[in-house]
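Here the structure comes first, spelled out in structure tokens, and everything after it is commentary.
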Amino acid sequence: MPLILEIVTPEKRAYNNLGVERVKLPTVEGEIEVLPGHIPLVCMVHPGEVRIDTGSGYSSIAIDKGFAEIYGDKISILTEGAIDVQDIDLEEATKAEQRALEAIRKAQKEDMDPAEIEKLESIVRFSLAQKLLKKNQ
């Protein structure tokens, strides 16, 4: 029986497939692989690659931090950002990383809200994940 995989960001449903055979995802505890019949699980996901085996091939989605819920044969990933590795623009990811790093340096000199600094750090992590995945493709 195939798995159902959905990846949702605050802006949109980034991925939805009803016929997935296996999924590898990065969690804060390490990479896990989900097959049909997996035990129920809720975990935090780490920025990185979600590798999807559809039976007819593989695809990869770069994700930011978030949560994953595995229940029955459905995997739901709620993440701050997601992009198909084929759609990653290395130049844009590098620019986003540089802007965020500059904003972090400026924020550290000033007394910026820690939540804003965390948001900027998240942008850097997601940009790095995108760049690494695209280069390894």
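When the residues of region 120-137 are filtered to those that are free of Cβ contacts under 8 Å to residues at least 60 places away in the same chain and more than 15 Å from the chain's Cα centre (by Cα), the one that is nearest to Tyr58 (Cα to Cα) is Asn136. Contact map, region 1-26: residues that are of a type in the set (Phe, Trp, Tyr) paired with residues that are surrounded by 15 or more Cβ atoms within 10 Å (Cβ to Cβ), Cβ distance under 6 Å, separation 6+ or inter-chain. Pairs shown: Tyr15/Ile7; Tyr15/Ile61. Number of residues in region 101-123 that are charged (D, E, K, R), surrounded by 12 or more Cβ atoms within 10 Å (Cβ to Cβ) and more than 18 Å from Glu80 (Cα to Cα) equals 0. The residues of region 77-93 that are touching a helix residue (DSSP H, G or I) at 6+ places or on another chain (Cβ under 7 Å) and either among the acidic types (Asp, Glu) or free of Cβ contacts under 8 Å to residues at least 40 places away in the same chain (or both) amount to a single one, Glu80. Of all residues in region 22-34, none are within 16 Å of Lys134 (Cα to Cα) and surrounded by 12 or more Cβ atoms within 10 Å (Cβ to Cβ). Report yes if Val45 is of a type in the set (Val, Ile, Thr) and either farther than 18 Å from Leu128 by Cα or in contact with a Lys or Arg (Cβ under 7 Å, 6 or more places away or on another chain) (or both), otherwise no. Spelling it out, Val45 is indeed of a type in the set (Val, Ile, Thr) and either farther than 18 Å from Leu128 by Cα or in contact with a Lys or Arg (Cβ under 7 Å, 6 or more places away or on another chain) (or both). Please identify the pairs in which a residue from region 47-58 that is assigned to a loop (DSSP other than H, G, I, E, B) has its Cβ atom under 9 Å from the Cβ atom of a residue that is of a type in the set (A, V, I, L, M, F, W, C) and open to solvent by less than 20 Å² (accessible area, probe 1.4 Å), counting only partners at least 6 apart or on another chain. Close Cβ pairs (under 9 Å, with a partner that is of a type in the set (A, V, I, L, M, F, W, C) and open to solvent by less than 20 Å² (accessible area, probe 1.4 Å)) amount to Pro47/Ala62; Pro47/Ile63; Pro47/Ala129; Thr54/Val20; Gly55/Val20. Among the candidates Phe67, Phe126, which residue alone is of a type in the set (Phe, Trp, Tyr) and buried (at least 16 other Cβ atoms within 10 Å of the Cβ)? Sole residue among the options that is of a type in the set (Phe, Trp, Tyr) and buried (at least 16 other Cβ atoms within 10 Å of the Cβ): Phe126.
The values are calculated or read from the model by the stated rules, or taken from the named source; none is laboratory data. This one's a predicted model, so the numbers in the text were calculated from it and none came from an experiment. Backbone-built Cβ (ideal geometry, glycine too); neighbour counts: all protein chains shown. Areas reflect the complete protein model, heavy atoms only, side chains present, ligands, DNA and RNA absent. Shrake-Rupley method; radii C 1.70, N 1.55, O 1.52, S 1.80 Å.
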